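Input: a single structure, listed below in structure tokens.
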Amino acid sequence: MNESAIEEEFGEELIDDCLYEAPYVTERFWLVGVGGTSVAIVSFIENAFVFYMLMKRKTHRASPNLYLGLLAFFDMFMAGAYIPLMSLNLFADYFQSLPLLTAWYHYMIPLITVSHIAMTSSTFLIMAATVERYASTVKPHTKTSKFLTRNRVGISVFAVLMGFFTKLTMAFEITWSYDPKCEGLMTQWKIGVSDIALNEAYATYWKVAFRNVATVLFPFFVLLILNIRIIFAYKKTDFHYLSVQKLSEAKRKQRVRAATRALLLVVFTYLMSNCLNVLITIGEHFHPDYLANELRVFYIFSVDVVSLLTIFAGVLRLPIYVSCQSSLRREFAVQIRKWIAFWTFGNYKHSKINQSETGRTCFTDDMELADGDANGGGQYANLLMALGTALLHETPSNTRMDSSTGDSPGDRMIRTASSDRHSCSEEMV
């Protein structure tokens, strides 16, 4: 049905309801559709590799690397979800593709819900890893430190369950429907907010007072404070943790520098991917109308940038690991050489490389990991590497929030995941 048909059947006053022009679609196509898709592909590949490397060996699974392996899995999932949720939405607007938009509406709600469960689970996993590192660094050999070290699996399960229960309700907060008067146009599908999401008590106490604070603001500031305290703790002269490992003075100073560098890089990526998110979250709660009207252009692009920064932070994790942790760097390099040899020369030469080169390297790394974990937290380099991944944020999506619902950045994706297409009222690593 075209414009003239709509005017003839329903009247001229209804034309505006069926016409839609995506805001800044060309600029956002290059930012999200091209740039975001490229970053998401790289992040997916890198984190799939990290997940495989850290979860295939028992020594890693029995060490703080368990948190890093699970974090890589969730980073991989979020990178994979970014393309169908964000990129394809922009592609539908850019190419005015109704079939693509129709497909997007059909998978949007379950994929948004699962991706936000993954984001929140990652946040709690990062907090768990950071708290363990803080206890091992500042208060080693205490009951708290030993408890955290011995119960990593249970803590990981609890973190995932917390992400599941805090974000499961997002599946019931958004609705979409078919509008027959706009049939054949990009507005034939209407997105809206459910009655439960519009309930004042639900929006105030659950979404704002609990969910937004517990999954966005609280983790941000807790992780920032803990990482700063860990940095200062390792600058002191009495490194109790290191003395237990009987490291030489030269080795100790070398690992201190590597650990400090890893912390600075991790904190930088964390702040980079979350600072804007926190600012937008605060602005949405205190000045939503000003943000949506007076700063409309900034708001539109900022929600895209926040989502992109979240995926980009996942891309930076592998470079941080290999640049700061020599044991992981050797192990990763050996595995890549094994794959290259297998693909290039076949099984015979691959088996020779596996016996001659990887056996020695992996045995050495196994001894380092096992020895470190037996002392309640691993050697200093591994400690900081594990701490290093401990920073992730919940990312907002390419959506906007209605001032009447008090939605967080996470709910943004739910509310207007089709950018400005269907201005309703609601939120979103």
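Summary table below
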{"item": "Hits in region 202-237 (condition: in a helix (DSSP H, G or I) and among the charged types (D, E, K, R))", "result": "207, 211, 229"}
{"item": "Matching option when the condition is under 16 Å from residue 328 (Cβ atoms) and not β-branched (Val, Ile, Thr), among 68, 85", "result": "68"}
{"item": "Residue match in region 58-71 (condition: over 21 Å from residue 301 (Cα atoms) and over 24 Å from the mean Cα position of the chain (by Cα))", "result": "yes"}
{"item": "Yes/no for residue 149 being open to solvent by 10 Å² or more (accessible area, probe 1.4 Å) and within 20 Å of residue 226 (Cβ to Cβ)", "result": "yes"}
{"item": "Selection within region 319-334 - buried (at least 16 other Cβ atoms within 10 Å of the Cβ) and of a type outside the set (A, V, I, L, M, F, W, C)", "result": "321, 325, 326, 327, 330, 331"}
{"item": "Matching residues, region 189-201, being part of a helix (DSSP H, G or I) and surrounded by 17 or more Cβ atoms within 10 Å (Cβ to Cβ)", "result": "197, 198"}
{"item": "Members of region 103-134 that are under 18 Å from residue 170 (Cα atoms) and among the aliphatic types (A, V, I, L, M)", "result": "108, 109, 111, 112, 114, 117, 118, 119"}
{"item": "Residues of region 161-184 that turn out to be open to solvent by less than 50 Å² (accessible area, probe 1.4 Å) and under 27 Å from the mean Cα position of the chain (by Cα), as a count", "result": "8"}
{"item": "Selected residue (only one of 197, 201, 159 is of a type in the set (Gly, Ala, Ser) and at pLDDT 90 or above)", "result": "159"}
{"item": "Residue pairs meeting the criteria (Cβ under 6 Å; at least 6 apart or on separate chains; first under 14 Å from residue 105 (Cβ atoms), in region 172-186; second open to solvent by less than 60 Å² (accessible area, probe 1.4 Å) and among the polar types (S, T, N, Q))", "result": "175/194; 179/188; 182/188"}
{"item": "Output for region 142-188, where each listed residue is in a helix (DSSP H, G or I) and polar (S, T, N, Q)", "result": "144, 145, 149, 156, 166, 169"}
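The values are calculated or read from the model by the stated rules, or taken from the named source; none is laboratory data. Keep in mind it's a predicted model, so treat the numbers as computed, not measured. Reconstructed Cβ throughout: ideal geometry from the backbone, glycine too, with neighbour counts over all protein chains shown. We work out accessible area using only protein heavy atoms, side chains counted, and drop any ligands, DNA or RNA first. Shrake-Rupley method; radii C 1.70, N 1.55, O 1.52, S 1.80 Å.
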